[in-house]
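Step one of this worksheet: look at the structure below.
The values are calculated or read from the model by the stated rules, or taken from the named source; none is laboratory data. Nothing here was measured: the structure is a model prediction, and the numbers come from that model. Note: ideal-geometry Cβ built from the backbone for every residue, glycine included; neighbour counts use all protein chains shown. Quick note on the areas: whole protein, heavy atoms, side chains included, nothing else; ligands and nucleic acids left out. Shrake-Rupley method; radii C 1.70, N 1.55, O 1.52, S 1.80 Å.
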Amino acid sequence: MILRFEYGTPFETYAVVEEIRLGDRLPYFRTEEKEGLVFTHFLAEGDTVYGLGETMRGINKRGGRYISYNTDDVHHREDMPSLYSSHNFLVVDGAETFGAFFDTPSKVIFEVDYQNSGKLVVRSENRNLRIYIITGASAYGITRQFLRIIGRSFLPPLWAFGFGQSRWGYKNTKDIEKVVENYREAGIPLDYVCMDIDYMDRYIDFTVNKKRFPDLTAFVTAMKKKGIRLVPIIDAGIKVEAGNPVYEEGVKKGYFCTNHEGAFFKAAVWPGMTHFPDFFRKEVRDWFGRQYKVLTDCGIEGFWNDMNEPSIFYSEYSKRQGALNMLSNFLFPSRQEKKENSAYQDYKNFYHDIGGKKVLHHEVHNLYGGLMTMASGEGLKKLIPRRYLLFSRSSYIGAHRYGGIWTGDNSSKWEHLRQNVYQMPSLNMCGFLYSGADTGGFGGNTDRELLLRWLAFSAFTPLMRNHTALFTRRQECYQFGSTVEFAGIISLRYRLLPYIYSEFMKAALRSDMYFKPMAFGFPGDEKARKIEDQLLVGECIMIAPMLEKGKNTRKVYLPEPMTQVRYDGENFTCKMVEAGDRTITVPISHVVFYIRKGKAIPVGDEAQSTREVDLDNVELIGDGDSYEQYIDDGCSPDCSLDYVRTI
Ligand code: MIG
């Protein structure tokens, strides 16, 4: 059952799409007014708390403090309170089991048994909010009810499930051609290459640098012939410059955020001074969505939206302060929270025009990136007759209906691979099924072993992209000596595509999760409940990724007998294994995963690009004898469960 509770005049966030009955007294929480509203729930000792989407730590959120306030910070330490997105849904599972969604675009702090308080304390800075309380028999069932009320996940095309290569620093057609050539030569599958900010003319949105890409349409066509799509980046800010048509039209129509004086707010990002589109207005979203036409007209079918927290280097107000903050952020990452008052000062320096009222950005901050995604998604739906690819850095629940997300600027650290594993099921709980991290790590220099192990995990994440930052070592899969192991691991992804695609589509169409914590699959199993480094992928697979440097073995817990599948880069070897604790040996060129009891999964042939994948031509492996396969042409927008058939 789901009930809605309202405080003050809640802000419309577009997160929930169903009409939910109003309850009269908030259950489970004690409510106090203290610098906003404070909700307290007493946790029992064995309670597990799931959810909160893109946050750090683990799958069980106990012991942590999390702040929903979208933040661009490259230091993803485990105790980091805020990342790029805010996903305020959690489930308490234990003595009392319920789900709660704190629906407000303002800052919310979650203290989950923080400092062993035994309490779940939720502090909403804003007194206007909606809370949805969901009850049900299990954490999984509650999550599925939540997924139903927030509406169906974004459905990407089949090619978006291929492998993508990206690097901040690819400058021109030659750079990209070289990447594609090297991949094809090494026989490593590849479906798309991302174009980072350097493809633009001086980082100006919706422009193409004519020197570097003299004929983008011809280039896109030539790449498509090789089975490669190009995926350009779009940033949130629009450059202030006479002659920039997007800027000029935005100014004329009053589409940008304003400052204290009522003039358009100026903030410096990559292109220099920019104005921020006021995505809170429908006409602004429609207008922004139409701008993608410049690129879709060239044959582009996918984008990534960046800097949409929005990220600000400095502004007309904080010029000095901003530079100092950036420096101190870099030098003293652990002071992130304490710096809030100065580093985030600019969020109190501009306004949105919402329903004719001036609203301070700070109060609706967490919704900005999500609304940019809504603008792009709705625009792309009109511009492209097929399904588009879109993933964003910043988001709020609701944006999952328009695009996916990537988890932002991680680094090349084993710890961040582990965080990637923990984040996936939590993001799925909040609707973001199409997600993934920068495989190999964005900041810092990766190494062969880390990248191979990371790829072996990302082979299961819907968004599978190798991305790295400017000034880091080359990170393409052919830069690490022998390429066979890379070709082998990535070929697993392509051979599993009939399963991965089908499970993703079924999960989205049934308001279900694609990645689940072990506890959701084996709720009665005390041991499974505590395991965070194994995940369920779709309805049939359990994975146990290799997360430690220099180690070829790991422990795996099997709650039931399963088929162990070992892929050596070429062949699948299956054997039944009994329930219980096992130690497996997984050389760097292998991937070991499990098929659940009584289940079978479809595997296909190797392919260099998704266009060679034949979803129809599959073989079943596992001890079951049938599989429910979602199958369609991979690009038509009319997806439905009618496309599920039993094979
Ligand atoms: O200030 O476009 O998270 O993926 O490569 C950095 C350059 C801006 C941040 C993104 C990252 C991207 C980078 N961007």
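How high is the FRET efficiency from residue 474 to residue 560, r the C-beta distance, R0 45 Å, rounded to 0.05? It would help to have the intermediate numbers written out before the result.
Working: r = 43 Å, r/R0 = 0.96.
FRET efficiency, residue 474 to residue 560: 0.55.
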- Message: Please list, ordered by chain and number, the residues whose modelled amide H lies under 5 Å from the amide H of residue 229; skip anything fewer than 5 residues away on the same chain.
- Response: 192, 193
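May I ask you to compute the full-extension gain from residue 382 to residue 31, defined as 0.36 nm times their residue separation minus their alpha-carbon distance, rounded to one decimal in nm?
Working: separation 351, 0.36 × 351 = 126.36 nm, distance 4.48 nm.
Contour length minus Cα-Cα distance gives 121.9 nm.
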- Note on the structure: So for segment 408-546, using the alpha carbon gyration tensor with a ≥ b ≥ c as root eigenvalues (a/c under 1.5 gives rounded; past that, a/b versus b/c decides prolate or oblate), I'd call it prolate
- Message: Testing the spin-label approximation: label points 7 Å from Cα along Cα→Cβ at residue 251 and residue 316. State their distance in nm.
- Response: 1.1 nm
- Anchor residue 34: aspartates and glutamates whose Cα lies under 16 Å away (excluding residues fewer than 8 positions away in-chain): 111, 125
- Pair-distance profile P(r), taking every C-alpha pair of segment 1-69, with 10 angstrom steps and integer %: 14, 36, 44, 6
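Any chance you could run the full-extension gain for residue 117 through residue 628? It's 0.36 nm times the residue separation minus the Cα-Cα distance, nm to one decimal.
On the way: separation 511, 0.36 × 511 = 183.96 nm, distance 4.61 nm.
Fully extending the segment from residue 117 to residue 628 adds 179.4 nm.
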- Item | Calculated FRET efficiency for the pair residue 357/residue 644, C-beta based, R₀ 45 Å, to 0.05 | 0.45
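So, by mean Cβ neighbours within 10 angstrom, what's the order for 293-301, 594-602, 574-582, 514-522 with the highest one leading? Each step should come with its number before you reach the end.
Working: 293-301: 18.2, 594-602: 22.0, 574-582: 12.2, 514-522: 24.1.
Going from most to least packed, we get 514-522, 594-602, 293-301, 574-582.
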- In units of 2.2 N^0.38 Å, the Cα radius of gyration of segment 120-233 is 1.63
- Item | Positive-end residue of 240, 317, 134, charge dipole of the chain with Cβ unit charges | 317
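Share of the chain's accessible area from carbon and sulfur, percent, 1.4 Å?
Numbers: 11180 of 23000 Å².
Solvent-exposed carbon and sulfur of the chain make up 49 percent of the total.
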- Pull out a ≥ b ≥ c, the square roots of the eigenvalues of the alpha-carbon gyration tensor of segment 147-207, then state rounded if a/c is under 1.5, prolate if not and a/b is larger than b/c, and oblate in the remaining case. oblate
- Task: For segment 485-543 and segment 196-253, compute the distance between their C-alpha centroids and round to whole Å.
- Result: 36 Å
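What does the charge add up to near residue 5, with Lys and Arg as +1, Asp and Glu as -1, over the other residues with Cβ less than 9 Å from its Cβ?
On the way: positive: 4, 25, 130; negative: 6, 24.
Once positives and negatives cancel, what remains is +1.
Quick check for me: using +1 on Lys/Arg Cβ and -1 on Asp/Glu Cβ, what's the dipole size of segment 445-496 about its Cα centre, in debye to the nearest 20?
Details: 7 positive and 4 negative charges, 24 e Å.
The calculated dipole for segment 445-496 is roughly 120 debye.
Any idea what the relative contact order of the chain is, in percent, if you count C-alpha pairs under 8 Å spaced at least 6 apart? All intermediate terms of the calculation are to be shown ahead of the outcome.
Details: 1523 pairs, mean separation 90.5, N = 647.
RCO, the chain: 14 percent.
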- Item | Size of electric dipole in the chain: Cβ of Lys, Arg +1 and of Asp, Glu -1, about Cα centre, debye, nearest 20 | 780 debye
- Only Cα pairs under 8 Å and at least 6 apart count here; give the relative contact order of segment 1-54 as a rounded whole percent. 26 percent
- Task: Would you be so kind as to identify which of 501, 491, 466 lies farthest towards the positive end of the dipole of segment 448-547, taking Lys and Arg as +1 and Asp and Glu as -1 on Cβ and the Cα centre as origin?
- Result: 466
- The rounded separation in angstrom of the Cα centers of segment 453-474 and segment 95-164 is 27 Å
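If we count every other residue with Cβ under 10 angstrom of residue 47's Cβ, Lys/Arg +1 and Asp/Glu -1, where does the sum land? The partial results should precede the final answer.
Working: positive: 62; negative: 45, 93, 96, 113.
Summing Lys and Arg as +1 and Asp and Glu as -1 gives -3.
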- Item | Antiparallel bridges, percent of DSSP beta bridges restricted to the chain (to nearest 5) | 80 percent
- Item | Partner lysines for residue 282 [C-alpha distance under 17 Å; skip if fewer than 8 residues away on the same chain] | 252, 253, 357, 358, 381, 382
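Determine the alpha carbon to alpha carbon distance for each of 210/319; 171/266; 171/224 and list only those over 24 Å.
Values: 210/319 32 Å; 171/266 28 Å; 171/224 19 Å.
Pairs exceeding 24 Å: 210/319; 171/266.
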- Note on the structure: Yeah, segment 559-635 with a ≥ b ≥ c from its alpha-carbon gyration tensor (a/c under 1.5 is rounded, else prolate when a/b outruns b/c, oblate otherwise) is oblate
- Item | Estimated 222 nm signal from helices in the chain, with DSSP H stretches of n ≥ 4 weighted -39500 (n - 2.57), rounded to 500 | -7000 deg cm²/dmol
- Message: Using a 7 Å offset from the Cα along the Cα-to-Cβ direction at both residue 552 and residue 568, what is the distance between the two label points in nm, to one decimal?
- Response: 1.3 nm
- Item | Pair residue 79, residue 128: separation of 7 Å Cα→Cβ label points (nm) | 3.6 nm
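Pairs of Cα atoms under 8 Å, at least six residues apart: use those to get the relative contact order of segment 53-119, whole percent.
On the way: 106 pairs, mean separation 25.5, N = 67.
Computed value for segment 53-119: 38 percent relative contact order.
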- Along principal axes, largest first, the alpha-carbon spread of the chain in whole Å comes out as 70, 63, 49
